[in-house]
Amino acid sequence: MRETALSESRPLQWLLIAVAVAFLALFLVLPLAAVFVEALHRGVGPLLATYTDADTLSAIWLTLIVAAITVPLNLVFGIAAAWAIAKFEFRGKSLLISLIDLPFSVSPVVSGLTFVLLFGAKGVFGPLLDDWDIKIIFAVPGIVLATVFVTFPFIARELIPLMQEQGTAEEEAALTLGASGLRTFMTVTLPNVRWALLYGVLLCNARAMGEFGAVSVVSGHIRGLTNTMPLQVEILYNEYNFVGAFAVSALLAGLALVTLAAKSLLEWRHAEGLPTARRH
Amino acid sequence: MTVAPVMGQRFTFVRPSALPGFGITLGFATTYLSLIVLLPLIVLVWRASALGFDGIWQVATTPRVLAALEVSFVTSALAALLNAVFGTLVAWVLVRYDFPGRRLLDAAVDLPFALPTAVAGIALAALYAPNGWIGALFAPWGIKIAFTPAGIFIALVFIGLPFVVRTVQPVLQDFECEVEEASATLGATRMQTVFRVVLPALVPALVTGVALAFARAVGEYGSVIFIAGNIPFVSEIAPLLIVTRLEEFDYAGASAIAVVMLTISFVALLIINSVQALSRRRYEGA
């Protein structure tokens with residue numbers, strides 16, 4: 001086809017596609033492939049040795065625990081914030097919305113630092129925590145707090161735009177018909193936002209399990225106790241145990257692929273249940 | 001920050017509504033937000049302010065801190081610029097052309113959001129090391145990528161790409177083809193239409209995407225430290241210097257660098273926002 005007034009010529013189209021594909025292959029596909037190749041290049045033996053290592057197993061366990069605490073906390077917050085913001089008109093609303101997005105513009109390292117300043121040995125509450133013999137920094141509670149901070153906006157920012165688009169008519173109808181507030185929420189609002197909720201949970205979970213910078217600052221890297229999977233990757237890598245580091249990385253990369261697949265499936269199958277910006 | 005007063009209503013905090021649960025949900029959301037996000041950030045600013053303006057200035061202008069800030073901000077800007085070009089190209093190809101594997105490619109764009117940064121970091125370091133798949137191609141010419149600022153640049157391109165693609169893509173999708181038809185009808189060549197009609201309309205979204213990629217890159221830690229080499233004055237980024245200061249128990253120094261970083265990012269975003277407002281006004285006024 002020749003170049004027309006409304007589209008580029010075929011050769012130019014193929015050239016642009018080729019450049020875009022090459023760029024994405026170089027910057028996205030190659031690093032992903034490298035993870036699996038490096039993990040497997042000594043065979044399955046060393047891979048299994050890593051997966052049965054006690055420190056690795058406790059890192060996997062801790063990662064699961066942190067995500068299991070973080071995601072529900074931010075889920076409850078996301079639903080509460082979205083209900084107040086999307087269903088009501090009140091003063092200071094846009095300020096509240098920008099504050100919710102704040103954690104995205106703070107470096108993960110800085111978010112970790114803030115919790116050290118609060119709860120560390122020389123922090124604001126340090127002496128108090130010491131008296132009560134509570135450890136937050138260099139312990140699991142600090143890791144959870146830092147992860148909650150970093151993943152704070154994920155669920156709220158999916159729910160708010162969708163619930164704003166949906167308005168309040170259906171809820172008002174349910175209330176008029178005599179349903180209680182809770183029943184209205186459970187049978188009208190929640191089914192309307194379930195796909196966006198799942199979408200937010202997916203993204204929140206992926207980041208919670210993969211967070212490195214913030215967690216690294218507050219964890220103290222105590223083997224078997226305060227190491228999450230990403231921190232275990234760092235430790236193994238710095239010990240020149242590359243197969244081990246890439247073996248743990250392969251698990252995390254697998255999680256990333258599952259997240260991407262589920263996310264794309266939601267975008268294709270349930271686009272009407274997601275905020276407009278997610279429909280593409 | 002005020003809601004437009006509703007017709008014939010008193011000026012109240014919340015507009016009356018038949019729906020229940022406003023007080024409890026807003027109360028819970030603001031309390032949780034204050035405890036998890038605001039309190040820590042306020043403590044950070046408070047801690048740094050104990051140094052006073054002079055103290056912060058002194059920390060920020062030590063040669064090592066200055067060098068780290070320069071490495072962070074310059075490589076982030078360069079990476080964001082490369083992403084501006086290729087991100088727009090990728091968005092264009094994904095929206096305008098149909099080809100086998102397009103949906104797969106579209107899904108792959110979000111990989112940097114989903115892949116943990118430490119994993120990306122060691123993968124990139126392995127690829128670009130002198131004995132890696134890509135590093136080995138450059139090694140014979142004496143070009144080192146990993147463990148130099150070039151490595152930082154590569155990691156930041158990886159991290160920033162989806163921000164540009166995902167902000168430009170929806171605007172390109174919603175672009176009305178009537179405008180292109182009008183331009184063609186008036187005798188413009190395809191190149192003229194693309195460069196003088198379509199691309200200018202993408203500028204506000206592009207600026208937003210680039211700003212987001214830049215802001216993310218400045219604070220990025222996990223994907224950078226494995227490939228950077230972390231040599232003070234050469235390839236040491238500001239977030240790493242914060243970690244180093246913390247490990248020395250120099251809380252004040254760490255807070256000072258953090259506050260300087262936050263301030264520079266904030267000012268940069270402010271400038272970009274005003275540029276964006278200007279360009280939007282110009283485009284809409286044209």
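The values are calculated or read from the model by the stated rules, or taken from the named source; none is laboratory data. The shown structure was predicted, so the numbers you read here are calculated from the model rather than taken from an experiment. We place every Cβ from the backbone using ideal geometry, glycine too, and count neighbours over all the protein chains shown.
Restricting to helices (runs of 4 or more DSSP H) lying wholly in segment B:17-109: which have 1 or more residues that are touching a residue at least 24 places away in the same chain (Cβ under 8 Å) and out of contact with any Leu (no Cβ under 9 Å at 6 or more places or on another chain)?
Where helices (runs of 4 or more DSSP H) fall fully within segment B:17-109 and carry at least 1 residues being touching a residue at least 24 places away in the same chain (Cβ under 8 Å) and out of contact with any Leu (no Cβ under 9 Å at 6 or more places or on another chain), they are B:39-49, B:52-60, B:63-96.
State the number of residues belonging to segment A:108-149 that are among the aliphatic types (A, V, I, L, M) and facing chain B (nearest Cβ under 10 Å).
11
If we only count helices (runs of 4 or more DSSP H) wholly inside segment B:216-286, which ones have 3 or more residues that are touching a Ser or Thr at 6+ places or on another chain (Cβ under 9 Å), more than 21 Å from A:Leu231 (Cα to Cα) and not aromatic (Phe, Trp, Tyr)?
Passing ranges, in order: B:251-285.
For segment B:247-280, what are the residues that are of a type in the set (A, V, I, L, M), modelled with pLDDT of 85 or more and more than 21 Å from B:Gly52 (Cβ to Cβ)? Quick ask: steps written out before the conclusion?
Our first condition is that a residue be of a type in the set (A, V, I, L, M); within segment B:247-280, this holds for B:252, B:254, B:256-262, B:264, B:267-272, B:275, B:277-278.
Now drop any that are not modelled with pLDDT of 85 or more, which leaves B:252, B:254, B:256-262.
Correct list: empty.
Within the bounds of segment B:190-210, is there any residue that is at the interface with chain A (Cβ under 10 Å from one of its Cβ atoms), under 24 Å from A:Asp101 (Cα atoms), buried (at least 17 other Cβ atoms within 10 Å of the Cβ) and modelled with pLDDT of 90 or more?
Looking for residues that are at the interface with chain A (Cβ under 10 Å from one of its Cβ atoms), under 24 Å from A:Asp101 (Cα atoms), buried (at least 17 other Cβ atoms within 10 Å of the Cβ) and modelled with pLDDT of 90 or more, one finds none in segment B:190-210, hence no.
Taking into account only those residues within segment B:115-153 that are within 8 Å of chain A (Cβ to nearest Cβ) and among the β-branched types (Val, Ile, Thr), which is surrounded by the most Cβ atoms within 10 Å (Cβ to Cβ)?
Residue satisfying both the conditions and the ranking: B:Val119.
Taking only pairs six or more apart or across chains, which ones have beta-carbon atoms under 6 Å, a first residue in segment B:238-260 that is in contact (Cβ under 8 Å) with a residue 60 or more places away in the chain, and a second residue that is among the basic types (Lys, Arg)?
B:Tyr251/A:Lys122; B:Gly253/B:Arg245; B:Ser255/B:Arg47
Out of the residues in segment A:169-215 meeting the condition of being of a type in the set (D, E, K, R) and over 30 Å from B:Ala118 (Cα atoms), tell me which one is farthest from the other protein chains (Cβ to nearest Cβ).
Per the stated criteria, the residue is A:Arg194.
Taking A:Ile143 as the residue in question, decide whether it is modelled with pLDDT under 90, crowded, with 21+ Cβ neighbours inside 10 Å and under 21 Å from A:Met229 (Cα atoms). It would help to see each step written out before you state the result.
Details: modelled with pLDDT under 90: no; crowded, with 21+ Cβ neighbours inside 10 Å: yes; under 21 Å from A:Met229 (Cα atoms): yes.
Considered against the rule, which asks whether it is modelled with pLDDT under 90, crowded, with 21+ Cβ neighbours inside 10 Å and under 21 Å from A:Met229 (Cα atoms), A:Ile143 comes out as no.
Tell me which helices (runs of 4 or more DSSP H) are completely within segment A:5-102 and hold 3 or more residues being over 23 Å from B:Leu38 (Cβ atoms) and within 27 Å of the chain's Cα centre (by Cα), or say none if there are none.
Working: elements: A:10-24, A:30-40, A:44-51, A:54-87, A:93-101.
Filter on segment A:5-102 gives A:10-24, A:30-40, A:44-51, A:54-87.
With (1) of a type in the set (A, V, I, L, M, F, W, C); (2) under 30 Å from A:Gly142 (Cβ atoms); (3) at the interface with another protein chain (Cβ under 7 Å from one of its Cβ atoms); (4) surrounded by fewer than 21 Cβ atoms within 10 Å (Cβ to Cβ) as the list, and B:Ala18 as the residue in question, which single condition is left unmet?
Just one mismatch for B:Ala18, condition (2).
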